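Scroll down for the structure; my scribbles are underneath it.
The values are calculated or read from the model by the stated rules, or taken from the named source; none is laboratory data. Note that the structure is a prediction, hence the values are computed from the model and not measured. Every residue, glycine as well, gets a Cβ built from its backbone with ideal geometry; the counts of neighbours run over all protein chains shown. Please note that ligands, DNA and RNA were not included when accessible areas were found on the heavy atoms of the full protein model with its side chains. Shrake-Rupley method; radii C 1.70, N 1.55, O 1.52, S 1.80 Å.
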Amino acid sequence: MWISSRLSISKRFWLAWSAWILLVLGIHALTLSISPPVWQDEVQIIDFGRSAIDPGTDWSISWNATEGSAVVNPLYLGGLVQNIIFSLSYYNVSFPRLFSVIGAIAASSSCLFFLLSLGHDRLRSGVLSSIFLLDPIFVAGYRGDRVDCWVIAAAFVSCTVLQESSDRSSSVKKSMPSIYHLLVAGAISAIGLSIWFSFVLLFPLVIWRITSLALGCEHRRLLSSTLNLITAMLLWLVGFAICFFLIQIPILAGQPSAYRDLFAAASRVATSPNSVSVFTTFLASFSRNPFLLLLAAIALFLRPRLDFLFFAAIALAGILKSSVYDHRVVYFLPYLIVHCSLSMHRFLSTDSSRAAHSWIRFGVASIIWTALVVSIAVSLVLRPVNAFATRDVRQLSLLDNVAIQAVGKQAANVLMEPWEFYVPGRKLGWKMYKPYFQDFSAAQMLEMDYIITTPSSSLMTRLPISDFTRVGDIWIDRAAGDERISAPRAPGYGPYLIFKNHLKSDPSDPLSGTGLR
């Protein structure tokens, strides 16, 4: 098989890659407990995993106030695994974050495997895969417990399986992917979609590989090539459908309305028709390391693969039609990496008839290495330095102390606006609520034992204040960082306002003496 043969070609190369990713893993692991501060995406993903295995739960931080039930994400695999890790680690967010870092390494390594399967230069493929691993946009997501990394890994593995099939014989151009490999690639794609919905933005990458391989076979007739493409797509879809259905069986049985919630949530991410501002936001996402975008722009003027650019343009259109922010833009990074590698492989070929001038080679190589150095500086130097400089206001024990003093260990109904209280809330057995589609009414707020909010929240204008007693004003200093550090200063936790419903009797404490949830 291609993979086993490639692994045996250069043990030194793979040893170097293994040492490199272990170094990256070690550096990230040093600060996962304090950077980033607990934020919305990570706890929401974890709670989606909790509600997936308990669709009848009577509380959730993604609560449908109209239906009076938890919003269940039918694409639950990513959240499910993160919730299991979170629970087994005694509600320590560092472990789900560590799992996401491992996922990023898997995505980068599968990217490397794919580039090598295309026959691209090992050193250049390794550098491009490293740039991808350390790109600030990507790093911000996987350090914060997002599962995009596993989604991207699934897409690259699917492409690599397809490519391996085409390389199974010496007559590469005369063979298309086998039935087995098409079915497996479809199943892997189904797993990717079941991890997170944004896999749809990577469908063009997988379809490009199927199309390229099916139409790349040597056929004299257009009809024969078209039939090959249709057959390949149908086989891939069969593998996808079978695996996806098997994964969805638990959700369909436990919560048939899950897809209604998914489509309702997806409809909220459509952007405004102002395409200029949307594209400007897209470009601004690369401000922390613009060299990858610069490299991709230069690759357009080398020898670009037009078929690949067509599918990449489809993906870009999908991104621009959604809410354009870092964790959506991250799905375009694989296209940029593959585009750069394809173009440079063709342009920097050592074939004398196509060889590039030495000064062009030097210029391109300089930009590639500059992109890597900047990525290392931002992601492995400045980010850890800033995390250590702000660790005093990022310690999760600060939140634990506030939660214990204000509410304590009990099955209290808590309307929780600050996302970060989800972590101590799980430890203390709270039933936490946060509206997903619309705000809670005054009557619904009266069902709460406690409300945790902030002074600037719009909730303060709707809170039936006469029915609640303020427990206290909790100010955890937001000042963070050292002015001598050039890295961006990140906020700590707080301030918070905590209210207790004095109309309700103190909630019972069924968890007392029985351990934590």
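Based on Cα contacts under 8 Å between residues 6+ apart, region 1-147 shows a relative contact order of 26 percent. Dividing the mean sequence gap of close Cα pairs (under 8 Å, 6+ apart) by how many residues region 291-427 holds gives a relative contact order of 26 percent.
With a simple spin-label model that places each label point 7 Å from the Cα along the Cα-to-Cβ direction, the separation between W20 and I314 comes to 3.1 nm. Between L503 and R470, the modelled labels are 2.0 nm apart [label points 7 Å from Cα along Cα→Cβ]. Accessible surface of L396, taken over heavy atoms with a 1.4 Å probe and every protein chain present, rounds to 30 Å².
Residue order by solvent-accessible surface for V374, V147 is V374, V147, largest first, with ligands and nucleic acids left out and a 1.4 Å probe. The slack in the chain from S277 to Y90, taken as 0.36 nm per residue of separation less the alpha-carbon distance, amounts to 62.9 nm.
Applying the criteria of a DSSP loop state and at most 15 other Cβ atoms within 10 Å to the chymotrypsin sites (Phe, Trp or Tyr not before Pro) of region 281-372 yields F301, Y325.
Sorting S100, S466 on solvent-accessible area from highest to lowest, probe radius 1.4 Å, gives S466, S100. Modelled label positions at A297 and S358, each set 7 Å beyond Cα in the direction of Cβ, lie 2.9 nm from each other. Computed over region 62-200, relative contact order equals 29 percent, with contacts defined as Cα pairs under 8 Å that lie 6+ residues apart.
Would any residue of region 412-451 have its amide N under 16 Å from a label point 7 Å out along Cα→Cβ of D400? List them or say none. Of the residues in region 412-451, 421-430 have backbone N under 16 Å from the label point off D400.
Ranked from largest to smallest solvent-accessible area, with a 1.4 Å probe on the protein heavy atoms, C243, C340 come out as C243, C340. Protein heavy-atom surface of region 1-116, 1.4 angstrom probe: 68% of the accessible area is carbon and sulfur, with nucleic acids and ligands not counted.
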